[in-house]
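Asker: Quick one: the structure is below, questions incoming.
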Amino acid sequence: MAFAKISHVAHYVPEKIVTNEDLSKIMDTSDGWISSRTGIRSRRISTGQQTSDLAIEVARDLLAKSGYAAEELDFILVATITPDSNMPSTAARVQAALGAVNAFAFDLAAACSGFVFALATAEKFIKSGTSQKGLVIGAEVFSKALDWTDRRTAVLFGDGAGGVLLERSETEHFLAEKLYTDGSKTGLESGMTTVANPFYQGTDVNPYLQMDGRAIFDFTIKTVSKSVKAMIEVSGEPDYLLLHQANIRILDIMAKKIGLPREKFLANMQHYGNTSAASIPILLSENVANGTIPINGNQRLLLSGFGGGLTWGNILVLM
Ligand code: 4VN
């Protein structure tokens, strides 16, 4: 029987920091409003770097930390809804940049749940015995999908990438997993970025992210809380919960609803905003780097992604 484990983590964010104060100069908003309603104080914004550029930085760091050669990788999965292009995939661009000639590579689109969905997928390649090791990366340049005249959405998101090296293990590290989708509620969050194509001319397709914030917020509180609680009831209490970083108030409310101490809910959206599929792996990587999460095989981490689709999903992993 083969098992999978996360052996290394890495993240990369663009250099440029855009504060709430900066945003208040280009739209009718304020630091007071953004930070009290969302917890976000600043975000990183790409100046010319594409999603694959961010993902390649993460991939190179994962290889450096592990000591593996690019040729040893069996797969590269990139979770993104802001790919450089649909074809080639962002993952194929990463594969080429690394020279990972033995790896198959593809993108996976599940919005803010993308990293959790991709990690669940990658684990199966290892568990089935068909793959030994590979990279799972969440990467977004969300700034290119935002309507910078819409203060309801533009202030919420940021750019960045994070990822893990997943490899074969003799013991079980994936303790529980459950993924969900409700495609009937897709209108709560949508976006379409390829309107330059004449096919879309004369249609009402909107190129920018649109979000019914209240509805997404309520869905998260009600449905995602319930799913996390259900996992904990069956599989036990985690040491830390790494939830998608959409809004700090979500963490406060979820902690109460689930009945766990708020300190167990890690947060970094203050510095990065909502980075969609990148938010959980950036959070994981930062907390490994600062010593909060030692990779010692004893840390029970509950990863919870939720967002557009609607999609949501939870993984309880031992790291
Ligand atoms: C989960 C959530 C959000 C989200 C929804 C709404 C929202 C984040 C609207 C109300 C506004 C403050 C900001 Cl909860 C987004 C995703 C998708 O990544 C997932 N912020 N807000 C206010 O207070 O008026």
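Asker: Give the residues of the stretch 147-182 that are in contact with a Phe, Trp or Tyr (Cβ under 6 Å, 6 or more places away or on another chain) and within 13 Å of the ligand (Cβ to nearest atom), sorted by residue number.
Answerer: ALA154, PHE157, GLY158
Asker: Restricting to the stretch 252-284, name every residue that is closer than 24 Å to ASN20 by Cβ and away from the ligand (no atom under 15 Å from the Cβ).
Answerer: The answer is ARG262, LEU266, HIS271.
Asker: Just to confirm my filter: which strands (runs of 3 or more DSSP E) fall fully inside the stretch 1-63 and include at least 1 residues that are hydroxyl-bearing (Ser, Thr, Tyr), touching a residue at least 12 places away in the same chain (Cβ under 8 Å) and touching a Phe, Trp or Tyr at 6+ places or on another chain (Cβ under 9 Å)?
Answerer: 42-44
Asker: Which number in (1) more than 16 Å from the ligand (Cβ to nearest atom); (2) surrounded by 21 or more Cβ atoms within 10 Å (Cβ to Cβ) marks the one condition that ALA96 misses?
Answerer: (2)
Asker: Next up: Say whether the condition of being open to solvent by less than 30 Å² (accessible area, probe 1.4 Å), farther than 16 Å from ARG43 by Cβ and at pLDDT below 90 is met by at least one residue in the stretch 189-204.
Answerer: Yes, the stretch 189-204 has at least one match.
Asker: Looking only at the stretch 11-28, which residues are open to solvent by 60 Å² or more (accessible area, probe 1.4 Å), over 23 Å from ASN290 (Cα atoms) and aliphatic (A, V, I, L, M)?
Answerer: The answer is ILE26, and nothing else.
Asker: Also, I was wondering about something else. Go through (1) surrounded by 17 or more Cβ atoms within 10 Å (Cβ to Cβ); (2) outside any strand (DSSP E or B) one by one and return the number of the condition MET87 breaks.
Answerer: (1)
Asker: Here is a follow-up. Restricting attention to the stretch 144-175, which residues are over 30 Å from SER36 (Cβ atoms) and within 19 Å of the chain's Cα centre (by Cα)?
Answerer: Matches in the stretch 144-175: GLY163, VAL164, LEU165, LEU166, PHE174.
Asker: A follow-up question, please. Collect the residues in the stretch 206-251 that are more than 9 Å from the ligand (Cβ to nearest atom) and of a type in the set (D, E, K, R), keeping them in residue-number order.
Answerer: Answer for the stretch 206-251, where residues must be more than 9 Å from the ligand (Cβ to nearest atom) and of a type in the set (D, E, K, R): LYS222, LYS226, LYS229, GLU233, GLU237, ASP239.
Asker: Something else now. Is there any pair with a first residue in the stretch 276-288 that is touching a residue at least 12 places away in the same chain (Cβ under 8 Å) and more than 12 Å from TYR240 (Cα to Cα) and a second that is of a type in the set (S, T, N, Q) and assigned to a helix (DSSP H, G or I) whose Cβ atoms are under 9 Å apart and which are 6 or more apart or on different chains, and what are they?
Answerer: Sorted first by the residue in the stretch 276-288, then by its partner, the pairs are ALA277/SER113.
Asker: Working only within the stretch 112-136, note down all residues that are more than 23 Å from LEU188 (Cβ to Cβ), under 14 Å from the mean Cα position of the chain (by Cα) and in a helix (DSSP H, G or I).
Answerer: Hit for the stretch 112-136 is LEU119, nothing else.
Asker: Looking only at the stretch 38-56, filter to residues that are among the charged types (D, E, K, R) and either crowded, with 19+ Cβ neighbours inside 10 Å or within 15 Å of SER7 (Cα to Cα) (or both); which one of those is farthest from the ligand (Cβ to nearest atom)?
Answerer: Looking at residues that are among the charged types (D, E, K, R) and either crowded, with 19+ Cβ neighbours inside 10 Å or within 15 Å of SER7 (Cα to Cα) (or both), I get ASP53.
The values are calculated or read from the model by the stated rules, or taken from the named source; none is laboratory data. These numbers were taken from a predicted model, which means no experiment stands behind them. All Cβ positions, glycine included, derive from the backbone under ideal geometry; neighbour counts span all protein chains shown. Calculation scope for accessible area: heavy atoms of the full protein, side chains included, ligands and nucleic acids excluded. Shrake-Rupley method; radii C 1.70, N 1.55, O 1.52, S 1.80 Å.
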